[in-house]
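To keep things clear, I will list the structure first and then write my remarks on it.
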Amino acid sequence: MMIVLGAILALAGATPQVVAPDAAPWQADRPARPASAGEVEKRSVYVTMPDGIRLAADYYLPRDLEAGKQLPVILQQTRYYRSLAARSDPTGSCRQIAPFPAYFVRRGYAVVVVDVRGTGASYGSRPTEFGMQEVKDGNAVLDWVVAQPWSNGRVGAAGVSYVGTTSELLLLNRHPAVKAVAPISAGYDFYADLDFPGGVRNSFFIQNWGAFNAALDSGNMEGIPALANVAGPCPVDADPKGEMVAEAIRDHAENRNSAEGLSDVEFRDDPVFGSDGWPSPYRYQRELDRDRMPLLGIASWYDSGYARSAIHRFLNSASGKQRLLISSGNHGLGHYYAPGVTVPVPSKFDLKAELIAFFDRYVAGVDNGYDREPRVRWFTTGANRWNAANTWLRSGKRVRYCLTLAGELKAQACGKAQTLSVVPENDAAPGSLSRWDTTMSSPVAYQERSGVDSGLVNFTTEPLASDLEITGSPVFTLEITNTVSNADYFVYLEEVDSEGRAWYLTEGLVRASHHLSGKLPYQTLAAQQTNLRRDANPHTAGREITLDISMMPISHRFRQGSRIRIVLAGSDRAHFASPPLAGQKWDIAVGAHRSSLVLPVTDRKLK
């Protein structure tokens, strides 16, 4: 989705109010990796698959590459056009050298970027996203790569979002050329972390992504403002008149729109795209681990549920070769976010420098010490600090807060069990640059929320006597009775600063009929709903239910004098398809041993 980013940022037009504090200090300690001054050359060809389908591929090399010299290769497989032709300059735009290939070619690599089957200038059609045919095509692409005279037969794969997942799933082929992969801002469980978090339909993403892909696949960009200047995919070099690319696009008429494929889905075990389950990487974890391949998973705290995906990927791998890095920003890591950031702020974290160090060690074979660095790194907002360890934090002090009728969050002296009755009327209104918007490639920024909070149910602590740092998934246990069965519950964690301004930190959400928590097909950070049809309870009206709402993980330091706030809402209409609030009346159980918030407090010294 990253080709949309420039258009959205141009529309934003805001001047950053802060300089991001997320530069990576360890990168300065590595050996210098200077770029060559030589020019980069781009060529485009068709690569034929075993079944005769042709995939369009760009490959980038140094223009002055010596005859007989062979290079390690970085492979990217995309469904978002390997190269796009701009309406304003179709010929010139197809000759442009993209920044990612240019960076790696100038540092000793060849780069190959492929339109996956049924997309871009590639032939064929696709009944699903991340299908097994697409995975198998990756094997044939690798065979082609290693057969090229400029390839030394050692390949790494990397990419953001969809391209990150194709990089990870490439491992299923067990091709001997692949030496390392780096999925960035990529899902591990698409149901729970993107499309249906807590069982609630993310209609914003499902509909917009489906429409976006349909426009790209058909070559008809009408109705997609971000694609207004896109004429279509660039043809390969042997197709100067665009006749083959037009023929390939006609093949795409058989593609199935992903939004339509999810139209009847509600539960994790519902059929998806006509198959028996979601094409999520967790389903293949044993196979992905088989060759103990070095894998660098990179994510951001504020990118939908993809930080949780990245942590779960790390926790569930048995290979011992996984690495994890979590920044504080948006999808693709181009922008920074922390509480108080209200306009887009460019990140100072150097993503390409991290990738080159990783691939230099495991693909190019350079002994740069990367394998001796900590396996896990994450950024803590509030403290403005990077942390490092060799494993994810699995234990720590957990602080429980109860709720009171007076709207308090209290760590003790909670009082007797009581009932708070509420008629929900207002939407959560998180804005248009939220964690859910960024999956369509926007920055992340949240406005001050005290005004919104006043129209919602909220509970707030007294000012903190000292700093409090948390890392992990906060869990809000909601004991509630509603007059209707069909309801969603959204919970937001905020920091209220010493001036009374409320700033967004993280959130969780659950559909009432999905309230049963249980074991998922993989190990999780905190309790989550099973989201299985057999576990559904559609008849909850008038009955007290208990919802364990696991919020998206975060690492943050609350400052002394700040207050912690929990906010409850029944809808986020801009992003989720929730039932109407009309007719709902909530009876929330508060007081001792009833509804509560549990925070994962950091209690050990970190590097």
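For the range 101-132: of the residues being surrounded by fewer than 22 Cβ atoms within 10 Å (Cβ to Cβ) and of a type in the set (S, T, N, Q), which is farthest from A246 (Cα to Cα)?
Among them, the one singled out is T128.
Taking the range 331-355 as the search range and keeping residues that are in contact with a helix residue (DSSP H, G or I) (Cβ under 6 Å, 6 or more places away or on another chain) and either of a type in the set (A, V, I, L, M) or in a strand (DSSP E or B) (or both), which one is surrounded by the fewest Cβ atoms within 10 Å (Cβ to Cβ)?
Within the range 331-355, the match that is surrounded by the fewest Cβ atoms within 10 Å (Cβ to Cβ) is A353.
Sort out which residues of the range 177-197 are in a helix (DSSP H, G or I) and open to solvent by 10 Å² or more (accessible area, probe 1.4 Å), and write them in order of number.
Those that are in a helix (DSSP H, G or I) and open to solvent by 10 Å² or more (accessible area, probe 1.4 Å): F190, D195.
Could you list all residues from the range 290-312 that are touching a His at 6+ places or on another chain (Cβ under 8 Å) and at positive phi?
Hit for the range 290-312 is S304, nothing else.
Filter the range 133-153 down to residues that are of a type in the set (S, T, N, Q) and either open to solvent by 10 Å² or more (accessible area, probe 1.4 Å) or in contact with a Gly (Cβ under 6 Å, 6 or more places away or on another chain) (or both) and give me whichever is farthest from G365 (Cα to Cα).
Q133
Can you confirm whether the range 545-553 contains a residue that is without any contact (Cβ under 8 Å) to a residue 60 or more places away in the chain and more than 15 Å from L403 (Cα to Cα)?
Within the range 545-553, none of the residues are without any contact (Cβ under 8 Å) to a residue 60 or more places away in the chain and more than 15 Å from L403 (Cα to Cα).
When the residues of the range 279-330 are filtered to those that are within 30 Å of G261 (Cβ to Cβ) and among the charged types (D, E, K, R), which remaining residue is surrounded by the most Cβ atoms within 10 Å (Cβ to Cβ)?
D303
Give me the residue from the range 154-176 that is part of a strand (DSSP E or B) and either open to solvent by 20 Å² or more (accessible area, probe 1.4 Å) or in contact with a Gly (Cβ under 8 Å, 6 or more places away or on another chain) (or both) and, out of that set, farthest from V114 (Cα to Cα).
R154
Which of the residues spanning the range 435-452 are touching a strand residue (DSSP E or B) at 6+ places or on another chain (Cβ under 6 Å) and buried (at least 20 other Cβ atoms within 10 Å of the Cβ)?
The answer is P443, Y446, R449.
Of the residues in the range 216-239, how many are part of a strand (DSSP E or B) and aliphatic (A, V, I, L, M)?
Here the count works out to 2.
Answer yes or no: is there a residue in the range 563-574 that is open to solvent by 30 Å² or more (accessible area, probe 1.4 Å), part of a loop (DSSP other than H, G, I, E, B) and closer than 17 Å to G199 by Cα.
Yes: the range 563-574 contains one or more residues that are open to solvent by 30 Å² or more (accessible area, probe 1.4 Å), part of a loop (DSSP other than H, G, I, E, B) and closer than 17 Å to G199 by Cα.
Which residues, taken from the range 533-562, are surrounded by fewer than 18 Cβ atoms within 10 Å (Cβ to Cβ) and of a type in the set (D, E)?
Passing the criteria: D535, E544.
Among the residues that make up the range 240-255, is at least one of them open to solvent by 10 Å² or more (accessible area, probe 1.4 Å), outside any helix (DSSP H, G or I) and either under 24 Å from T438 (Cβ atoms) or aliphatic (A, V, I, L, M) (or both)?
no
Could you please find all residues in the range 256-287 being of a type outside the set (K, R) and in a helix (DSSP H, G or I)?
Matches in the range 256-287: S258, A259, E260, G261, P281, Y282, Y284, Q285, E287.
The rows are residues; the columns are (1) on the phi < 0 side of the Ramachandran plot; (2) of a type in the set (S, T, Y); (3) surrounded by 23 or more Cβ atoms within 10 Å (Cβ to Cβ).
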residue: T477; (1), (2), (3): yes, yes, no
residue: D488; (1), (2), (3): yes, no, yes
residue: Y492; (1), (2), (3): yes, yes, yes
residue: D497; (1), (2), (3): yes, no, no
residue: V510; (1), (2), (3): yes, no, yes
residue: S517; (1), (2), (3): yes, yes, no
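Give L409, L468 a once-over and let me know the one that is modelled with pLDDT of 95 or more and over 30 Å from N316 (Cβ atoms).
Of L409, L468, the one residue that is modelled with pLDDT of 95 or more and over 30 Å from N316 (Cβ atoms) is L409.
Of the numbered conditions (1) open to solvent by 10 Å² or more (accessible area, probe 1.4 Å); (2) out of contact with any helix residue (DSSP H, G or I) (no Cβ under 9 Å at 6 or more places or on another chain); (3) closer than 21 Å to Y123 by Cα, A231 fails exactly one; give the number of that condition.
For A231, the exception is condition (2).
Being open to solvent by 60 Å² or more (accessible area, probe 1.4 Å), under 14 Å from E479 (Cβ atoms), in contact (Cβ under 8 Å) with a residue 60 or more places away in the chain and not in a loop (DSSP other than H, G, I, E, B), is that true of even one residue in the range 401-415?
No, the range 401-415 contains no residue that is open to solvent by 60 Å² or more (accessible area, probe 1.4 Å), under 14 Å from E479 (Cβ atoms), in contact (Cβ under 8 Å) with a residue 60 or more places away in the chain and not in a loop (DSSP other than H, G, I, E, B).
Mind checking which pairs have a first residue in the range 223-251 that is modelled with pLDDT of 95 or more and among the acidic types (D, E) and a second that is part of a loop (DSSP other than H, G, I, E, B) and open to solvent by 20 Å² or more (accessible area, probe 1.4 Å), Cβ under 9 Å, 6 or more apart or different chains?
Listed pairs, sorted by first residue: E243/P235; D251/I53; D251/S125.
Is at least one residue of the range 262-272 surrounded by 24 or more Cβ atoms within 10 Å (Cβ to Cβ), out of contact with any Gly (no Cβ under 9 Å at 6 or more places or on another chain) and either more than 28 Å from Y446 (Cβ to Cβ) or modelled with pLDDT under 95 (or both)?
no
Report every pair of residues separated by at least 6 positions or lying on different chains whose Cβ atoms are under 6 Å apart, first residue within the range 96-119 and aromatic (F, W, Y), second assigned to a helix (DSSP H, G or I).
Taking only residues 6 or more apart or on different chains, the pairs are Y103/K352.
Answer yes or no: is there a residue in the range 143-162 that is closer than 15 Å to P279 by Cα and modelled with pLDDT of 95 or more.
Taking every residue of the range 143-162 in turn, at least one turns out to be closer than 15 Å to P279 by Cα and modelled with pLDDT of 95 or more.
Pull up the range 470-523, narrow it to residues that are hydrophobic (A, V, I, L, M, F, W, C) and not in a strand (DSSP E or B), then point me to the one that is nearest to the chain's Cα centre (by Cα).
Among them, the one singled out is L520.
Being within 26 Å of L351 (Cβ to Cβ) and surrounded by fewer than 20 Cβ atoms within 10 Å (Cβ to Cβ): is that true of A98 here?
For A98, the condition - within 26 Å of L351 (Cβ to Cβ) and surrounded by fewer than 20 Cβ atoms within 10 Å (Cβ to Cβ) - is met.
Six or more apart or on different chains, Cβ atoms under 9 Å: show the pairs whose first residue is in the range 565-585 and without any contact (Cβ under 8 Å) to a residue 12 or more places away in the chain and whose second is among the hydroxyl-bearing types (S, T, Y).
If the second residue must be among the hydroxyl-bearing types (S, T, Y), the pairs left are P580/S571.
Given (1) closer than 30 Å to A383 by Cα; (2) over 24 Å from the mean Cα position of the chain (by Cα); (3) at pLDDT 95 or above, where does P62 come up short, assuming only one miss?
(1)
Residue check: is N213 closer than 25 Å to S300 by Cβ, open to solvent by 40 Å² or more (accessible area, probe 1.4 Å) and part of a helix (DSSP H, G or I)?
When the stated conditions are applied, N213 does not pass them.
The values are calculated or read from the model by the stated rules, or taken from the named source; none is laboratory data. Quick caveat: nothing in here was measured; it's all calculated off a predicted structure. Heads up, the Cβs are rebuilt from the backbone with ideal geometry, glycines too, and the neighbour counts pull from every protein chain shown. Note: areas computed on protein heavy atoms with side chains; ligands, DNA, RNA excluded. Shrake-Rupley method; radii C 1.70, N 1.55, O 1.52, S 1.80 Å.
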